[in-house]
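Here's the structure we're looking at; comments come further down.
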């Protein structure tokens with residue numbers, strides 16, 4: 001008897017040691033991403049370089065033991081592993097396990113878990129909407145509880161509306177908060193995410209999330225629905241990259257249900273994010289409202305977002321009015337982790353239901369009906385509604401706009417523009433005299449060459465003569481800006497002046513006091529002593545260009561910035577906004593040119609970088625050797 005007990009104890013200790021090794025070696029436990037009818041991504045991260053594999057098998061009836069009949073190897077020694085499983089059967093349950101080998105060659109087996117592939121188009125399904133899982137010090141337990149409640153709902157997949165973490169560039173936010181708290185659902189159900197402002201467009205987000213290129217926007221289908229994922233930290237105004245993409249994607253969609261997901265609210269009753277409502281008025285939303293005309297034109301059913309840490313469901317809205325048949329329902333679900341906020345003391349006309357609580361939402365979909373619920377962290381349903389798809393929901397008949405294709409909007413001698421239509425059946429007509437195109441305007445058939453500054457306007461026409469919205473492109477003819485001769489003994493770097501104050505846009509720097517000044521090696525914040533929020537910096541100096549030619553500059557800032565080259569405003573990225581790229585082009589002679597960068601930080605995260613695009617469109621930050629703190633001779 002003693003021998004049996006001893007053997008049991010030794011086995012228990014050994015098994016416990018193995019489990020401890022697994023716990024110590026997994027930095028991020030296995031989780032699922034971007035599932036399709038025939039595929040699934042499995043990711044995990046270890047504390048050190050490992051090789052590994054995913055073993056899997058289709059679930060079988062009557063089995064009492066697990067026998068994995070497939071495996072996919074991750075042969076290269078690395079920490080973050082990403083395995084794509086394909087050739088799976090639709091709407092089918094699978095059992096999987098991650099196995100890996102540490103630096104000593106020890107084989108370590110992870111937990112056995114499950115996943116199911118995406119359903120057929122006519123099957124029922126359920127998904128969970130979660131927003132703002134970021135940790136906060138007042139209720140640090142929130143995301144863990146929400147994940148547990150979401151697991152209890154047994155959804156098919158999860159949609160995350162941004163602000164997954166508090167600070168995207170801080171790795172511990174991912175490995176110590178987001179993934180551990182969410183593992184209970186993320187190991188069994190694939191997640192589809194969009195960027196929030198707190199992700200900071202960080203490389204960590206792109207490493208941990210698997211989405212189609214360019215990743216910050218994409219679409220996916222599930223069952224009878226299509227989901228359009230947008231990054232509202234970037235520009236979403238008319239003619240922006242994402243606006244143009246979304247217009248074509250919505251126009252091409254044949255899905256019964258259409259969902260648009262992004263981070264920032266088009267409509268919101270938050271108390272102070274869009275204006276201090278205790279003493280004044282609010283804009284009741286952000287620049288995401290620029291997308292509303294597209295949502296209405298192409299029959300989108302739901303627009304979902306987070307950002308404000310609240311729950312709010314609007315009536316169906318169409319053309320800024322309640323319209324129960326043709327309207328879009330806007331759902332603010334930002335309550336999965338961030339510190340809770342409050343509402344405007346006066347009720348807004350568009351609000352149907354609201355609540356300030358940690359929560360998530362579920363959508364159970366079958367054919368033309370959706371059962372919707374909003375559920376708090378204790379599992380209580382506090383809002384529910386049955387949506388029936390209107391049979392005659394209006395979709396505008398006019399075609400989507402054409403797109404310009406040109407790499408150089410400025411030129412020295414001659415320039416060229418090209419245009420594309422979504423459908424070859426659409427005719428593109430354009431003008432170069434500033435007027436809006438009509439069906440009698442010039443028909444576009446091939447790229448057009450121009451020799452002077454021109455504003456090109458274009459539109460698509462269908463066979464009935466219906467016209468799309470008009471798009472325009474300003475093409476500028478200019479000689480190269482002459483270089484400036486500098487003193488040979490001027491030192492490298494760039495001068496800066498530092499200011500403090502509360503602003504929502506760049507201030508008039510001539511009218512405010514300088515707090516400090518000096519020089520840095522680079523245009524950025526790392527070398528400048530500054531407080532956490534409410535400050536501004538101006539950089540002034542010269543930048544060297546190696547050869548005469550066309551240059552496209554970028555700024556990447558949170559919050560606002562402006563870039564001047566040779567005293568000309570080239571990029572205007574002013575305003576209180578998240579980390580965003582802005583671009584501007586000019587023609588410069590080889591040599592040194594004046595550069596001035598203005599920047600301000602309102603609150604939250606702060607970041608500033610400046611650079612140029614190379615011939616392949618890759619971003620190249622300005623280097624120290626390019627800068628001079630120089631004056632004219």
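Here, each number is a calculation from the coordinates, and none is a lab measurement. The model shown is predicted, which means the values in this text are computed figures rather than measured ones. Cβ: placed from backbone, ideal geometry, glycine included. Neighbour counts: every protein chain shown.
Based on alpha-carbon atoms, the Kirkwood radius and the radius of gyration of the range 375-472 give Rg/Rh equal to 1.30.
The protection proxy used here, the mean number of other Cβ atoms lying within 10 Å of each residue, ranks peptides 141-148, 163-170 as follows, highest first: 163-170, 141-148. Pairwise Cα distances in the range 125-388 exceed 33 Å in 12 percent of cases. Shown here: the range 25-89, whose C-alpha atoms stretch 39, 27, 18 Å along the first, second and third principal axes, sorted largest to smallest. Only helical runs count toward this figure. For the chain, summing -39,500 (n - 2.57) over DSSP H runs of n ≥ 4 and dividing by all residues gives -3000 deg cm²/dmol at 222 nm.
Using the Cβ-Cβ distance between residue 476 and residue 323 with R0 = 35 Å, the FRET efficiency computed as 1/(1 + (r/R0)^6) comes to roughly 0.25.
Here the relative contact order of the chain, from alpha carbon pairs under 8 Å that lie six or more residues apart, stands at 9 percent.
Between the range 540-557 and the range 255-279, what is the C-alpha centre distance in whole Å? Cα centroid of the range 540-557 versus Cα centroid of the range 255-279: 37 Å apart.
In percent, rounded to a whole number, the relative contact order of the range 495-625 is 30, using alpha-carbon pairs under 8 Å and six or more apart.
The mean sequence distance of close C-alpha pairs (under 8 Å, at least 6 residues apart), as a share of the length of the range 418-490, puts its relative contact order at 28 percent. For the range 152-205, the fraction of C-alpha pairs farther apart than 14 angstrom is 54 percent. Relative to the longest principal axis of the Cα atoms of the chain, the long axis of helix 142-152 lies at roughly 50 degrees. Fully extending the segment from residue 529 to residue 252, taken as 0.36 nm per residue of separation minus the present Cα-Cα distance, adds 94.6 nm. Normalised size of the range 300-444, defined as Cα radius of gyration per 2.2 N^0.38 Å with N residues, equals 1.55. Here, P(r) means the percent of Cα pairs in each 10 Å bin from 0 to the largest distance; for the chain it is 3, 14, 21, 23, 20, 13, 4, 1, 0, 0.
Please give the Cα centre distance for the range 26-46 versus the range 573-592, rounded to the nearest Å. So the separation of the two Cα centres works out to 38 Å. The Kirkwood radius of the range 360-408, taken over pairs of alpha-carbon atoms, gives through the Stokes-Einstein law at 10 °C and 1.306 mPa s a diffusion coefficient of 108 µm² s⁻¹. The modelled label-to-label distance for the pair residue 439/residue 139, using points 7 Å beyond Cα in the direction of Cβ, is 5.7 nm.
Averaged over residues, the count of other Cβ atoms within 10 Å places the peptides 529-539, 62-72 in the sequence 529-539, 62-72, highest first. The C-alpha radius of gyration of the range 494-628, expressed as a fraction of 2.2 N^0.38 Å, stands at 1.00. Approximating the spin labels as points 7 Å out from Cα along Cα→Cβ, the residue 279-to-residue 583 distance works out to 4.2 nm. Here the extension length gained between residue 68 and residue 154 equals 28.6 nm, from 0.36 nm per residue of separation less the Cα-Cα distance.
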